[in-house]
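Here is the structure we will look at, set down as structure tokens.
The values are calculated or read from the model by the stated rules, or taken from the named source; none is laboratory data. Computed from a predicted structure; not experimentally measured. Cβ placement follows ideal geometry from the backbone for every residue including glycine, while neighbour counts extend to all protein chains displayed. Heads up: the accessible areas ignore ligands, DNA and RNA and are worked out on the full protein's heavy atoms, side chains in. Shrake-Rupley method; radii C 1.70, N 1.55, O 1.52, S 1.80 Å.
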Amino acid sequence: MYSATSRDLADRAHLTGSRLVIDLCGGAGATAKAILALVPAEARVISLDSAAAMQRVGRRTVTDPRLSWITARAEDLAEHVSGTADAVVCNSAIWKTDVPAVFAAVRSALRPGGRFVFNIGGGFAGIAHLDEQSVRTGPSLNTLIHKIAAREYGHTPSLASHNHLKLPPETVTEHLNAAGLAILGTEVTIQHSTMAEKKAWLSIPVFARPHGDFTNDERMAILEQAYALTTPETPTVTSWLIVVAERSEEKS
């Protein structure tokens, strides 16, 4: 799923003719790899992420000489790149950042007219594709996780915590406008995968559930219990909000 969303975002960034592209929150470089497949031979790609361990994996697996790595927070992007990038691409991460600060940093890094392309998981954007319900054949892994957390740990998500996770389209628009980034288009899409792939996704600490006062070992134990109630090949569908924006000539 991550490779598929990487290719989708890279394609929407219109990278033909680009000289510098930034893979923001790039992790181990899967999105950078998709970007490298589309940019010219003379282009440069920077993958920026605060997780040095993931970047060490990326350095071993994505060895294209056009790619360089910066270990830094997304909010600090402007300290490393200033006003030269043709595009910034961010896959499956923007809701984990200080969004207004990141949007401002992205604008500083982009040339006028440069594109900013990112996605937001449907659960965090508060949206769902019309096809999502029609494909579902049983409770989602997330639903099972929260049921087990409630039963075994007495976990009840707080309203404040629930609201904090939301990044609805109107909030995205507000933050983009405040940063001087104009929306070119949005789309709600779906990605098809399996329950086994969903488990792998939720095994990554930053995406693990449930939120709250749990250790990673506890989250993984809950995940294993929930996964045991499913079938690995069961198809799953994940909704995504895709946003394409560009740097305005003048900050509004």
**Report entry** Residue count for the stretch 202-222, restricted to those that are over 26 Å from residue 30 (Cβ atoms), part of a loop (DSSP other than H, G, I, E, B) and open to solvent by 40 Å² or more (accessible area, probe 1.4 Å)
**Finding:** 3
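Residues are listed down the side, and each one gets a yes or a no for (1) buried (at least 19 other Cβ atoms within 10 Å of the Cβ); (2) under 15 Å from residue 92 (Cα atoms):
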residue	(1), (2)
21	yes, no
24	yes, yes
37	no, no
42	no, no
46	yes, no
49	yes, yes
53	no, no
71	no, no
**Report entry** Unique match (being open to solvent by 40 Å² or more (accessible area, probe 1.4 Å), among the basic types (Lys, Arg) and more than 18 Å from the chain's Cα centre (by Cα)) among 12, 7, 59
**Finding:** 59
Query raised in the report: Condition test on residue 92, is it of a type in the set (Ser, Thr, Tyr), open to solvent by 10 Å² or more (accessible area, probe 1.4 Å) and either modelled with pLDDT of 95 or more or not in a helix (DSSP H, G or I) (or both)?
Result: no
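Test residue 67 against the stated conditions and say whether it is modelled with pLDDT of 95 or more and surrounded by 24 or more Cβ atoms within 10 Å (Cβ to Cβ).
Numbers: modelled with pLDDT of 95 or more: yes; surrounded by 24 or more Cβ atoms within 10 Å (Cβ to Cβ): no.
Against the criterion (modelled with pLDDT of 95 or more and surrounded by 24 or more Cβ atoms within 10 Å (Cβ to Cβ)), residue 67 does not qualify.
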Query raised in the report: Does residue 241 count as within 26 Å of residue 130 (Cβ to Cβ) and not polar (S, T, N, Q)?
Result: yes
Query raised in the report: Quick one: would you say residue 45 is within 23 Å of residue 168 (Cα to Cα) and either part of a loop (DSSP other than H, G, I, E, B) or in contact with a Lys or Arg (Cβ under 8 Å, 6 or more places away or on another chain) (or both)?
Result: no
Query - Residue ID - nearest to residue 192 (Cα to Cα), chosen from residues in the stretch 102-132 that are in contact with an Asp or Glu (Cβ under 6 Å, 6 or more places away or on another chain) and open to solvent by 40 Å² or more (accessible area, probe 1.4 Å) - result: 115
Query raised in the report: Of these, 17, 83, which one is part of a loop (DSSP other than H, G, I, E, B), open to solvent by 20 Å² or more (accessible area, probe 1.4 Å), within 21 Å of residue 244 (Cα to Cα) and touching a Pro at 6+ places or on another chain (Cβ under 8 Å)?
Result: 17
**Report entry** Failed item in (1) of a type in the set (D, E, K, R); (2) buried (at least 18 other Cβ atoms within 10 Å of the Cβ); (3) at pLDDT below 95; (4) more than 18 Å from residue 132 (Cβ to Cβ), with residue 199 passing the rest
**Finding:** (2)
Query raised in the report: In this structure, does residue 237 turn out to be hydrophobic (A, V, I, L, M, F, W, C), open to solvent by less than 30 Å² (accessible area, probe 1.4 Å) and farther than 30 Å from residue 85 by Cα?
Result: yes
Report summary line: Within the stretch 24-46, residues within 19 Å of the chain's Cα centre (by Cα) and either among the aliphatic types (A, V, I, L, M) or closer than 18 Å to residue 14 by Cα (or both) come out as 24, 28, 30, 31, 32, 33, 34, 35, 36, 45, 46
Report task. Identify, by number, the condition in (1) surrounded by fewer than 17 Cβ atoms within 10 Å (Cβ to Cβ); (2) in contact with a Lys or Arg (Cβ under 8 Å, 6 or more places away or on another chain); (3) closer than 24 Å to residue 11 by Cβ that residue 142 doesn't meet. Result -> (3)
